[in-house]
Amino acid sequence: MYYIKSIMKNTIFKLTEYLYYFSLLVLLILYLFPGSLIGYFLYGSLGQQPNLIANPIGTSINHFIFFSYITILAIIVRLRIKNIFTSYKVVLFISGILEVLHLIVPNRAFELYDLIANITGVVIVFSIYRLIRWQKYF
């Protein structure tokens, strides 16, 4: 029985690892494509950004959600695989540099609120993770 649990645990971890790297690839494609691919698939327009959740800050919430999600995956993968791609510092760097690259990507625009949402998503998730780890010691 222990052997089966071990195999399942390793399989779930491997799937999480693949999901993390796939999500990073999707992130790069969505950010560096000249226009909104999601807007194209949903509305037939490369110029329209989807507003997945109605809120006062607009589409920046999408950035917050995705970078929170990718940070959670990075933390989980980092529990077993410690490399540069699973470091929260790299995720934080990516969150900033990708938004800054919108200054040079055609049909994309740098938005300060998106940058803040990206960084906030990473920092909040990492802070919660550190708080949970800190609580274990006390």
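Laboratory data are not the source of any read-out in this text; all were calculated from the coordinates shown. Owing to the predicted nature of the structure, the values given are computational and were not obtained by experimental measurement. Cβ sites come from the backbone with ideal geometry, for glycine too, and all protein chains shown count toward neighbours.
Points to keep in mind about this one:
- Partner lysines whose Cα lies under 24 Å from the Cα of residue 9, excluding those fewer than 8 positions away in the same chain, are identified as 82, 136.
- With Cα atoms, 0 to 90° folded angle of helix 60-78 axis to the chain main axis: 30 degrees
- Calculated [θ] (222 nm, deg cm²/dmol) that DSSP helices of n ≥ 4 give over the chain, each run adding -39,500 (n - 2.57): -23500 deg cm²/dmol
- Dipole in debye (nearest 20) - the chain, about Cα centre, beta carbon charges: Lys, Arg +1; Asp, Glu -1: 840 debye
- Of the residues 23, 45, 87, the one that moves most in a GNM of the chain with alpha-carbon contacts below 10 Å is 45.
- Listed residues 100, 112, 137: farthest to the positive end of the dipole of region 66-138 (Cβ charges): 137
- Cβ-based net charge around residue 10, under 12 Å, with every Lys or Arg adding one and every Asp or Glu removing one: +3
- Reachable aspartates and glutamates from residue 5, criterion Cα separation under 19 angstrom, eight or more residues apart if same chain: 17
- FRET E, pair residue 16, residue 120, Förster distance 30 Å, beta-carbon r, rounded to 0.05: 0.80
- Gaussian network model of the chain, springs between alpha carbon atoms under 10 Å - residue of 51, 118, 62 with greatest fluctuation: 51
- Summing charges over all other residues whose Cβ lies under 13 Å from the Cβ of residue 58, with Lys and Arg as +1 and Asp and Glu as -1, gives -2.
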